[in-house]
Amino acid sequence: MIDYSRYDDTQLLSLLAQNDESAFTEIYHRYWEKLFYKAGKKLGDLSEAENIVQDIFLDIWQRRSKLEVTGDLSHYLAVALKYRVINYQNRYAKKATHQAHVSLQDTAADRTTEEWLAYSELNRCMAALVAGLPEKCQLAFRLREEGLSQQQIADKMGVSENTVETHIGRALKSLRKGLTLLFSLL
């Protein structure tokens with residue numbers, strides 16, 4: 001029986017290229033625990049760390065005849081681990097971001113619907129309050145809502161600016177009372 005523990009990495013890789021399972025087993029035992037420790041530390045998920053390390057060794061076995069390692073095998077494995085961890089983290093981050101986005105959309109849709117219903121109800125109540133104003137106050141208020149200045153409203157209504165100011169003041173006072181009463185009921 002050959003003692004593969006005495007071989008260096010270059011010799012083991014050479015034997016591995018010749019389909020020597022024992023050389024692969026030696027590489028596996030030599031590096032598995034180190035890679036698993038690093039992966040577990042970086043990911044914080046031992047199950048996923050184990051999967052990543054197993055995938056690295058599976059990839060080595062599958063590419064054994066074409067595998068070209070220039071330099072130290074430990075560096076090659078460390079880089080392979082680094083990129084697999086990064087890929088996993090990117091996939092996990094994308095998944096988490098997608099889930100957060102979907103959750104945010106659901107929350108926003110719920111909130112938007114609630115806000116729209118509240119806004120619609122407030123508009124309905126406001127329209128009822130405006131409809132309950134005296135005719136001249138109502139007209140002055142609506143023209144103001146259209147963005148007309150007090151001078152323009154006065155010209156349209158055929159009254160002085162002071163009269164327009166009085167009508168709008170009364171309208172606002174009445175609306176404020178009505179909204180205060182409405183909000184106190186809610």
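The values are calculated or read from the model by the stated rules, or taken from the named source; none is laboratory data. Predicted, not measured: the structure shown is a model, and the values here were computed from it. Cβ: placed from backbone, ideal geometry, glycine included. Neighbour counts: every protein chain shown. Just the protein is used for accessible areas: all its heavy atoms, side chains included, with ligands, DNA and RNA removed. Shrake-Rupley method; radii C 1.70, N 1.55, O 1.52, S 1.80 Å.
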With the contact rule set at Cα under 8 Å and sequence spacing of 6 or more, what percent relative contact order holds for the chain?
-> 14 percent
Residues of the chain: accessible area per residue at 1.4 Å, in Å²?
-> 71 Å²
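Subtracting the Cα-Cα distance from 0.36 nm times the residue separation, let me have the gained length for residue 161 to residue 42 in nm, one decimal. Walk me through the intermediate numbers first.
Values: separation 119, 0.36 × 119 = 42.84 nm, distance 7.37 nm.
Once the chain is fully extended between residue 161 and residue 42, it gains 35.5 nm.
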Residue by residue through region 170-176, the couplings from Karplus 6.51 cos²θ - 1.76 cosθ + 1.60 with θ = phi - 60°, in Hz, x for Gly and Pro, are 5, 4, 5, 5, 5, 5, 4
Distance in nm between label sites at residue 89 and residue 19, each 7 Å beyond Cα in the beta-carbon direction?
-> 4.0 nm
What number of lysine-lysine pairs in the chain show an alpha-carbon separation below 23 angstrom, given a sequence spacing of 8 or more or placement on distinct chains?
-> 17
For region 27-41, in order, what is each residue's ³J(HN,Hα) by Karplus, 6.51 cos²θ - 1.76 cosθ + 1.60 with θ = phi - 60°, in whole Hz (x at glycine and Pro)?
-> 4, 4, 5, 6, 10, 4, 4, 5, 5, 4, 4, 5, 5, x, 5
With residue 3 itself left out, Lys, Arg at +1 and Asp, Glu at -1 over residues whose Cβ is under 15 Å from its Cβ give -1
Please report, as a whole percent, how much of the solvent-accessible surface of the chain comes from carbon and sulfur atoms (probe radius 1.4 Å).
-> 53 percent
With percent of Cα pairs over 27 Å apart defined as stated, name the option among [x] 42; [y] 30; [z] 61 computed from the structure displayed.
-> [z]
At 0.36 nm per residue, minus the direct Cα-Cα distance, what do residue 120 and residue 6 gain on full extension? Give it in nm, one decimal, please.
-> 32.9 nm
Tell me, how many Å apart are the Cα centres for region 119-151 and for region 1-79?
-> 78 Å
